[in-house]
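I have placed the structure first, in the form of structure tokens, so that the comments after it can refer back to it.
The values are calculated or read from the model by the stated rules, or taken from the named source; none is laboratory data. Here the structure is a predicted model, which is why all the values come from computation and not from measurement. Glycine also receives a Cβ, built like all others from the backbone with ideal geometry; neighbour counts cover every protein chain displayed. Areas reflect the complete protein model, heavy atoms only, side chains present, ligands, DNA and RNA absent. Shrake-Rupley method; radii C 1.70, N 1.55, O 1.52, S 1.80 Å.
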Amino acid sequence: MNSEDMYEIMKVKLSRVVPDVELRYKAEIAVEIEELKKQRNAVILGHNYMEPALFHSIPDFTGDSLDLSRKAAQTDKDVIVFCGVRFMAETAKILNPTKTVLLPSSKAGCSLAASITAEDVRGLKKKFPGVPVVTYVNTYADVKAESDICCTSSNAIAVVESLHTDTVIFLPDEYLAKNVARESGKHIIFPSTTTVADDAETGLDYQLIGWRGRCEVHEKFTVEDIQTVRSQFPDVLILAHPECSPEVTTAADFSGSTNAMIRYVQESKAPHYLLLTECAMGDNIAAANPEKDMLRLCMVRCPHMNMITMEDTRDALKFNQYVIDVPEEIRVKAYRAVERMIQIG
Ligand code: SF4
């Protein structure tokens, strides 16, 4: 395919969200990437938070962490390029040890993944012997290796309930844990920094043991933001990711994973929508659903997701960078936790 043909294809979806001059430039890069993808027998996975021109052109599959983990587990390609952040690429490597996994930027980390270490998890296991550990996929491989099972924001409650146990260690996202506790009626404690207030909600017969990790994007949204937007757009439908605080998810009209939010917008009819999550996702939904009016609250962006560009993705395939490796003894243990989650769905 030449760049003119690629430009025409990209224009159909992107002409309302990406300026034409940028679209022509990115169409040229997309053609180079398609060629390199063939040469290297590669598959490209694109997270929902990728910028619109990338999201709607080069990935073979797009979706949330769970979707992309499943795609990574099923691929027969030699090379997996993960347009997402490091913990996602590590998960792909955990599931595909014989394949080359590339992350286009070496700097695409995550504040949540950085909030906890394997040593921290070992400390909690010592403090609460025999209590199963559920770890959000937004963690590094050595933390997953210390866990019994992983979860994503879309299956967190199903994973907790699958354990049929009174107490669960749920790591590391404080707000996701609180949202899970609220929805499932569980009592939550934070042993690292427990306060009287945390322990005050007694009377529930179940415990989640949490950790004070936070997503640096979702923690910034406030109830006041919601009130301000509602006063300007009274008929707006607001959707919040469960990494937002429980106050924010309660004040929103809907809370769910990135995929659940996309489905909700597609299946509902509202004059305006606002997503409380990485801003690029609003652009991606607007591009795919021109009849929907997406408002944006883009003053907070994920600096890690925004590290991944089309230029870097091309260079990843060209120069075989940045190769993701997970030591085998860690990979084998992390595999059990990830695989167990995938079985739950
Ligand atoms: S949006 Fe939040 S959880 Fe996702 S990669 Fe960025 S910092 Fe991590």
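Which translational diffusion coefficient, to the nearest whole µm²/s, is obtained for region 1-148 from the Stokes-Einstein equation, given a Kirkwood hydrodynamic radius over C-alpha pairs, 37 °C and 0.692 mPa s?
194
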Next item on the list: Could you work out how far the C-alpha centroid of region 272-345 sits from that of region 110-165, in angstrom?
Entry: 20
Next item on the list: Could you give the spread of the C-alpha atoms of region 147-196 along their three principal axes, from largest to smallest, in whole angstroms?
Entry: 30, 23, 20
Next item on the list: Give me the accessible area per residue for the chain, probe 1.4 Å, as a whole number in Å².
Entry: 42
Checklist line | For region 195-341: rounded, prolate or oblate by the Cα gyration tensor [a/c cutoff 1.5] | finding: oblate
Check: Using a probe of 1.4 angstrom, how much of the accessible area of the chain is carbon and sulfur, in percent?
Finding: 50
Notebook entry, point to check: If Lys and Arg each add +1 and Asp and Glu each add -1, what is the summed charge of the other residues whose beta carbon sits under 12 Å from the beta carbon of Arg230?
Noted result: -4
Note to self: Report, in listed order, any pair from Lys127/Lys333; Lys13/Lys93; Lys144/Lys318; Lys99/Lys292 with a Cα-Cα distance greater than 28 Å.
What the structure shows: Lys13/Lys93; Lys144/Lys318; Lys99/Lys292
Notebook entry, point to check: Roughly how much of Met88 is accessible, in Å² to the nearest 10, using a 1.4 Å probe?
Noted result: 10
Checklist line | Cβ-defined net charge surrounding Gln39, 11 Å radius [Lys, Arg +1; Asp, Glu -1] | finding: 0
Item checked: Isotropic mean projected area of the C-alpha convex hull, the chain (nm²) -> 17.5
Notebook entry, point to check: For the chain, modelled as a Gaussian network with Cα springs under 10 Å, which listed residue fluctuates most, Ala251, Ala280, Ala53?
Noted result: Ala251
Item checked: Per-residue ³J(HN,Hα) for region 334-345, Karplus 6.51 cos²θ - 1.76 cosθ + 1.60, θ = phi - 60°, Hz, x for Gly and Pro -> 5, 4, 4, 5, 6, 4, 4, 5, 4, 4, 6, x
Next item on the list: Would you mind counting up the charge near Lys126? Only other residues with Cβ under 14 Å from its Cβ, with Lys and Arg at +1 and Asp and Glu at -1.
Entry: 0
Next item on the list: Kindly report, to the nearest 10 Å², the accessible surface of Phe319 as traced by a 1.4 Å probe over protein heavy atoms only.
Entry: 130
Item checked: For Ser147, distant residues with modelled amide H under 5 Å away -> none
Check: For Phe319 and Lys126, what is the calculated FRET efficiency with R₀ set at 45 Å and r taken between the beta-carbons, to the nearest 0.05?
Finding: 0.55
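Indicate the gyration tensor shape class of region 117-175 (rounded, prolate or oblate), computed on the Cα atoms with a ≥ b ≥ c the square roots of the eigenvalues: a/c under 1.5 is rounded; otherwise a/b larger than b/c is prolate and the rest oblate. Please list the in-between numbers first.
Working: a/c = 1.88, a/b = 1.14, b/c = 1.66.
In terms of gyration-tensor shape, oblate.
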Margin query: At a 4.7 angstrom Cβ threshold, list every cysteine in the chain that has nobody to pair with, or say none.
Written below: Cys83, Cys110, Cys150, Cys151, Cys215, Cys244, Cys302
